[in-house]
Structures are given as C-alpha cells and as structure tokens.
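Quick notes on the structure that follows.
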Amino acid sequence: MATAPQAKPAPAKSTVVVPAVQEPRRESLRDTMESIVFAFILAFLFRTFEAEAFVIPTGSMAPTLYGRHKEADCVQCGCHIVVGASDEYDPDSGLLRHNARLQSALCPNCRFENTQLKDELAFNGDRILVNKFPYEIGEPLRWDVFVFKFPEEPDVNYIKRLVGLPGETIRIRHGDLFRADGPSEQILRKQDPGKQRRLQIPVYDDAHPPTNLLSAGWPERWSPVVRADDAGGGVGGWTESAEGWTRTPEQRVYRLERKAADETRWLRYRHFVPFPADWKNFSDERPPEPKARLISDFCGYNATSSREQQPDLGDTFDLGPFWVGDLTVNFTVGVGDVSDNGELVIEICEGVHFYRARLGMRDGIARIFEINQGLDPNQERELAAGAFDPGDASDVDISFSNADDRLCLWVNDQLVDFGPGAELVRNPATGLTLPQDSDLCPVGIGAQGLTAIVRNLRLERDIYYRGHSDPMGLRHRRLEDLLDSPAEWGRFFQDQLDETVELQVDEDGFLALGDNSPRSRDSREWKHGMQSVPRRHLVGRAFFIYWPHGVPFLNNGRGYPLVYHKEETDRFDKNRERVAEKVKDYPKWTVPFYPQVDRMRRIR
C-alpha cells in the first residue's frame, strides 16, 4: 500500500459555473511581422554556424512533422483535417503524377469522406532547423528526431525518430517498443512524460460531434451509464441511464448534481465510430446500424483516396486494423458543493487491466489503482499517491494517461508526482494482452459527493508501431471487420497477425522509426544488413519548426494564383517523355499569405 503525501489545505467550496466562450486573442500586424523576421533571422544565423534548414517532403513523421499536405474543416463535424498529399506529387520533376491527384479524405473525428479536399491548396512540408553540434561532441539520445544519410542511398537525407542505440536488440510487439535480452524485455518509454503527451493521436473531440448523424439516430459516444443487469447487456457491460449525469448537447456539457451523486455516477466513452458504409447508409436515408468498435491505429493523415471512382470504400482507406489500448483522456471539470468524501474517478481499460485515478477534491490527494478483471474485478490495488492543487475548483483541466505501461495524471498541466509506483510491470511470460468487451467503452469519468460539470472532452491514443509498413492486405481487412467483436478479433490476431519483430542494432549504429508507422519507410523495411544508421551518416538533431507554411488570405481564403500545377498525361513527346499539362483549377503558389505562428515550435 502506498503512503499518501502530506495533504494540502482543502479548497474552498465553490459554485460551479460554465464560463463563457472567449474569442482567441488575435495577433496584431506587428506581432506577425516580428515573428516572420525572427524566424528568418534565426534560420540564417543557425545556417551560418552549426545548424541547417531542411524541408520535410513526406508524412513519415506525421503528426509531429508534416510533409506536403492539405488542410480543411470537415463539412459534417467541423473538425480540422490535415492529410498527406505527397503521393500525388513527383518532387524530381515538379509535376503531379498521372491520375494520382488526391480526391478525398476521411475526417479523423467522424470519418465522413470529405471530397472538397481535391480542390484545396496543397502546402509544402514543414521547414525545420537541424542542429549538428550535439552529435559532434556527444552521443545521440533515444527519442531524438534526427536527420541522417539514408544507408541505401547516402546522398539522400532522411528524418526519423531514434529508437535504438548501438548494440541493442529492439523488439516491436503489439504497438510498443522493447529492449530485448533473450526472453526478457524492458519497455521503452519517454523519460519525459511531457514528450509522451505531445505524441498522442486524436481519437475523438467531443466539441465536434456529427450532429446530422446524431439527429438520424446515431448514438452519442459519451453517455451517462450504469452497470448492465446481465453479462451481455449494453456495451461492454454498461447501459445508458437517465440517472446521474445530464447532457446539454448544444454546449457539449455534462452535469452531475450532488444530490444525485450519493454513489459514484459514471459518464463513459463508447467507441461508436462510423465507418464509410455507415455514412453511405445515412446519405441513402437508411436507418443507422451503429456498432461499438475497438479503438484502432487509424491515422487520419493517411486516410486519403486518389481514385475518381470508389466502388468499394472499404478497399480505399486504411481504417486501422490494430487495437490500441494506450489511451489518454483530457477534459475540463468544474466542481462545487464538495462533501468530505467528494472525489472524481477516472478509469481507463486495457484488456483485463483497469486503471483508476481517484482525486480527492477536498484533501488534494490523487491515488492510482489497478484492477485485474481476470483475478478479482472488485479488488483495487493501490499503486501510488500524490498531491495536487486543483486551483480554482470551478475550472480544472485534467489529463489521465495509460501509455507505455505508465500512468500519468496532469492537473492544470502540472504532472502529479506518483514516483516509481506509476510505472507498471508486465511479465511477457504471462501471455498476450487481448481486448475484452470492456474495451468497446474503455474510458469513464465518475464522481461522488460533489457537483460536477465536465466539458472539452478529448480522447487520444498512443503511437502504435506496426511490425511492417506493408500496404493493407486481406488479413488487415479482416481485422478491421472484426473490430466490433473483441473476442473474435483477439483469436484472429493471435492466429494470423501477431507480428512481433526483432531488429538488431549495429555496434556503431542507431535504429530509426517514423512516427507515422503505417506510412514510414524506416529500419523495419530497409535491406537486410542495412537496417541501422551508421554513426558516420548522422547529420544532426531536428529541434525547431521555423516555417510550417504560409496561410493564404483574400479571395475566400485561397489567395491569388501565381503558378499552377502541371500534371503528367498519358501522352508522350518525340523524346518519349510524358507530356505535361497545366491544371487550371489547381494553383501551386498563391499570394498573399501570413505565417502559421502557432506551429512554429520546438520539435520533441
């Protein structure tokens, strides 16, 4: 049993209010011009001394770094979409590839197919600064984003994340990375939880619901629930309830009154993610057939189509075949009328393992617990405790994460210090963690003995490292089809696709993987004997995005064209080279534009 640290003074009782939505502060013209000047001065100075500027060509490091890409807002839920567009463009010729122009993309939030992406402008990749000095005087560090000469083509620069050090054996297993030593292994996690937090991939933002689909009868993903009466009832053992929490759909606010919180009342996430076929039913005005599914390694940046005709949407998009159990939930909560036992409870499931954070809103102590459903579903085992300061209890930002076998809790962006008790110990000999029905609704927020208002709900997942970056095959499609049946998914995965991979790092080399695992050509796929990056091929550590891309304005936000794209045709000239034609509806460069200041930042 962990010993609780010294309690902090109890926060004063407060009345809960929903703060008014504030408009973001607008950058002044002076701020904008100073940012532009600073960025170019910085780039010039570093280029002169120990840094060099690079442009990211592809999306192998998305979402950390963007290659050539397009952006738009989803026409159904309003979520911002960023998708890779490097496949349609040949950087050597400067031409669009024949019949490769991007036609549509799925929204990462509601999975609606957005066809307006075809006509959106394409932006070049992020411009970054790479510091050469650290590798001249010291050793590269695990998790560095680094630039190096591609071992198979040393005149070509690559950028990846450094995951393996000299002489190590790196095991890729079920989305995680391990340092292997025979049958034993040690999971590789980021020492700085803040870096881990930055690498999360969005699953669902409750501020952007697909209202048209909901009006047609599709269920909300977040819902007040109670335990189902029978083992097969509801979703993952939970069923909707009119007791406890109430929902205000227009404001996306969930409220629990203290008088209804005599026991822990639950608000849970059910992964009712619509697939393209569900949107087809909606457009055909057929009744919805919602299914709760496992959260998978779907990556919105890759969910594009370049085909004019799409007879079978399921064959077009990679919907993510692999179950991801490493999740992070973020929300804002206001609490008031707190009783002596008033607490918030946050729960994340991963297979038979349930993890809970209990936040005492009076004593300022947070405790984390593990429940092994395979042993005793009613037995909580306390792992650690730590003090936190809720500040103004009417407006508290909370994040709870289970990633890389470590539990992290942030309160108002301050990491609660749980010590080593937050690091989970797994024995690989005990077998594979497989999904359960509970993983269909893997996250819950509970409250007891207080009034609570929850808003700004966002669910994210960790990067899932695939054993291979192969194109989607029949077995992957089968796994996608089984995401609504955890037991069948687990059996098929064990029998057909348990893709554990081991990579040996050379004694003077380093292992490189891309953050966008499904679309990264990295150490997993390089020629045998050339899977390590030799030390002599290191260029430097990427450390700053100094120019993401210019944002056009005027002319309905598109700017005015200077140059248009040209596309390869199926005709050849007398020299047997493809004839290129100007694409009159697809500008390549436009003016005027302003800098995307919010993405000028340090690379982590």
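In the range 499-527, the residues that are among the aromatic types (Phe, Trp, Tyr) reach residues that are modelled with pLDDT of 95 or more and surrounded by fewer than 22 Cβ atoms within 10 Å (Cβ to Cβ) with C-beta atoms within less than 8 angstrom, at least six apart or across chains, in these pairs: PHE510/PRO140; PHE510/LEU162; PHE510/LEU165; PHE510/PRO166; PHE510/ARG535; PHE510/LEU538. Please specify each residue of the range 250-274 satisfying the condition of being under 23 Å from ASN109 (Cβ atoms), charged (D, E, K, R) and modelled with pLDDT of 95 or more. Listed by number, the residues that qualify are ARG252, ARG268, ARG270. Just one of (1) without any contact (Cβ under 8 Å) to a residue 60 or more places away in the chain; (2) buried (at least 22 other Cβ atoms within 10 Å of the Cβ) fails for ASN378. It is (2). Restricted to the range 125-158, and to residues there that are aliphatic (A, V, I, L, M) and under 17 Å from ARG198 (Cβ atoms), the residue that is surrounded by the most Cβ atoms within 10 Å (Cβ to Cβ) is ILE128. For the range 294-318, taking the residues that are assigned to a loop (DSSP other than H, G, I, E, B), modelled with pLDDT of 95 or more and touching a Phe, Trp or Tyr at 6+ places or on another chain (Cβ under 8 Å), the one that is nearest to GLY467 (Cα to Cα) is identified as ASP297.
Highlighted here are the strands (runs of 3 or more DSSP E) found entirely within the range 433-528 that include at least 1 residues which are acidic (Asp, Glu) and either on the phi < 0 side of the Ramachandran plot or surrounded by fewer than 17 Cβ atoms within 10 Å (Cβ to Cβ) (or both): 451-461, 501-504.
Taking each residue of the range 334-346 that is free of Cβ contacts under 8 Å to residues at least 60 places away in the same chain and looking for partners that are among the hydrophobic types (A, V, I, L, M, F, W, C) with beta-carbon atoms closer than 6 Å, six or more apart or interchain, yields nothing. Which residue, of GLU525, GLU567, is charged (D, E, K, R) and touching a strand residue (DSSP E or B) at 6+ places or on another chain (Cβ under 9 Å)? Being charged (D, E, K, R) and touching a strand residue (DSSP E or B) at 6+ places or on another chain (Cβ under 9 Å) holds for just one of GLU525, GLU567, which is GLU567.
Of everything in the range 464-489 that is in contact with an Asp or Glu (Cβ under 6 Å, 6 or more places away or on another chain) and not small (Gly, Ala, Ser), the residue that is nearest to PRO108 (Cα to Cα) is TYR464. Which residues, counting only those in the range 404-432, are part of a strand (DSSP E or B) and either surrounded by 20 or more Cβ atoms within 10 Å (Cβ to Cβ) or not charged (D, E, K, R) (or both)? Hits for the range 404-432 are LEU407, CYS408, LEU409, TRP410, VAL411, GLN414, LEU415. Restricting the range 232-249 to residues that are part of a loop (DSSP other than H, G, I, E, B) and either under 26 Å from the mean Cα position of the chain (by Cα) or on the phi > 0 side of the Ramachandran plot (or both) leaves a set whose member that is modelled with the lowest pLDDT is GLY234. Can you find, within the range 50-108, the residue that is nearest to the chain's Cα centre (by Cα) among those that are among the small types (Gly, Ala, Ser), assigned to a loop (DSSP other than H, G, I, E, B) and surrounded by fewer than 18 Cβ atoms within 10 Å (Cβ to Cβ)? So the residue we want is GLY78.
Yes/no per residue for (1) buried (at least 20 other Cβ atoms within 10 Å of the Cβ); (2) of a type outside the set (D, E, K, R):
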site: GLY175; (1), (2): yes, yes
site: ARG197; (1), (2): yes, no
site: SER241; (1), (2): no, yes
site: TRP245; (1), (2): yes, yes
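The values are calculated or read from the model by the stated rules, or taken from the named source; none is laboratory data. Just so we're clear, the structure is a prediction, and the values are computed from it rather than from any experiment. Positions of Cβ are generated from backbone atoms using ideal geometry, with glycine treated the same way; all protein chains shown enter the neighbour counts.
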